[in-house]
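Every number in this text was worked out from the coordinates using simple rules, so none of it is lab data. The structure presented is a predicted model; accordingly, all values stated were derived computationally and were not measured. All Cβ positions, glycine included, derive from the backbone under ideal geometry; neighbour counts span all protein chains shown.
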């Protein structure tokens, strides 16, 4: 190679490295902007949620507004969004394609979720978090005039930021938005921006008082062949429960839509069914998020084996009629109560079984094993690592191709290295 060729190669490397450095700086700034913006918005939402839930608990007669809250939300979405809303599926579809994600979705899901919890609908908050974060991230991407590929990364950054701010699990939040889109592949190009957005948003949330709920496991038995077998069998059951939960949510919503063409009648009947079930049960333990019940699973409280099934029914009735929120917190409720009840029956630490159940159910419904494992570490610590690892692996395997998000793609088979490229069931 002569001097002229060496000079050209040197200049090419300098130009290439300069573009790479500029790209790193640009993405770092963009990720920080998203982390700040989404972090503030999600923190406001989290604080509002805290107030609304406390207010409802002190005014339990608000439960009688359940039939009308669903009607109000249905009206809001028809008048403001003016397109069919598919919840978190809308955000996932926007990442997989060039579908537009309207910015007005962020304030709309904010208000609708607060209404859901004010009147006692059984739902979570992560649906709102992912949709708010995705809509804001996409909006910032449009303002910066990014191309479609980079806007998808901005959406994932927004999802990570919102998840981190509300749940207090920045590690899991950074990975979840990349992992949940397509099972079998990871969008590693978004790793650094998602990590930055997640950490910045969590810092904002902590600054304003949104703390992480850590659940202590009182006793962690020695990891033996016997306990390993117990966890494997339990996790297989969790995998089947995750299939049942996803099937209930999808099929009942399809049933209502097929038989009740008028969305307002559908909303009224659905809201009334949640109210009647609440009155039949005789308490409001299964309304709203149910985080107090989750905490009681780690405090030695007696948990009925029917608790997880009731929560599944309450959540199915709530989300199928037009209420907004999410399915993840109910999923954690189902896993915690099922695990604690099983632990009491077999004589194994109920707190450990509750933690394992939460991780296994989360993995089963989201098909996101790495995020599930990280959530376990952030919520429960690392001491029970072998139990978490087994539970996540077996639940992921058993849950098959079912999932909460029908826009989610199974790119590669869970059972062999085959390319299948199909949507979850």
Bin width 10 Å, alpha-carbon pairs only: give the P(r) of the chain as whole percents, running from 0 to the bin holding the largest distance.
-> 5, 22, 31, 26, 10, 3, 2, 1, 0
When the chain is treated as a Gaussian network with springs between alpha carbons less than 10 Å apart, the largest mean-square fluctuation among 198, 97, 148 is found at 97
Stretched out fully, how many nm does the piece from residue 305 to residue 186 gain, at 0.36 nm a residue minus the Cα gap?
-> 39.2 nm
Relative to the present Cα-Cα distance, how much length would full extension add between residue 24 and residue 247 at 0.36 nm per residue of separation?
-> 76.0 nm
Per-residue ellipticity at 222 nm for the chain, helices alone: DSSP H runs ≥ 4 residues times -39500 (n - 2.57), over residue total, nearest 500 deg cm²/dmol?
-> -23500 deg cm²/dmol
The chain, Gaussian network, Cα under 10 Å: of 258, 360, 368, the residue fluctuating most is 258
By how many degrees, between 0 and 90 and to the nearest 10, does the Cα long axis of helix 148-167 differ from the longest principal axis of the chain?
-> 40 degrees
With R₀ set to 56 angstrom, the calculated FRET efficiency between the beta-carbons of residue 144 and residue 222, to the nearest 0.05, is 0.55
Sorted largest first, the C-alpha extents of the range 225-423 along its principal axes in whole angstrom are 54, 46, 25
Most mobile listed residue (358, 248, 154) in the chain, GNM with C-alpha springs under 10 Å | 248
Mind giving me the nanometre distance, one decimal, between the label points for residue 412 and residue 383, set 7 Å out from Cα along Cα→Cβ?
-> 3.6 nm
Between residue 265 and residue 47, Cβ-based FRET efficiency (R0 41 Å, step 0.05) works out to 0.75
Kindly state, as a whole number, the per residue volume in cubic angstrom of the convex hull around the alpha carbon atoms of the range 98-243.
-> 177 Å³
Taking 310, 425 and counting other beta carbon atoms within 10 angstrom, the fewest-first order is 425, 310
When the Cα centres of the range 238-261 and the range 154-192 are compared, how far apart do they sit, in Å?
-> 26 Å
Where does each of 115-124, 341-350 land if you order them by average Cβ count within 10 Å, highest first?
-> 115-124, 341-350
Report, to the nearest 10°, how far helix 263-281 tilts away from the longest principal axis of the Cα atoms in the chain, using its own Cα long axis and a range of 0 to 90°.
-> 50 degrees
Between the Cα axis of helix 225-259 and the main Cα principal axis of the chain, the angle (0 to 90°, nearest 10) is 80 degrees
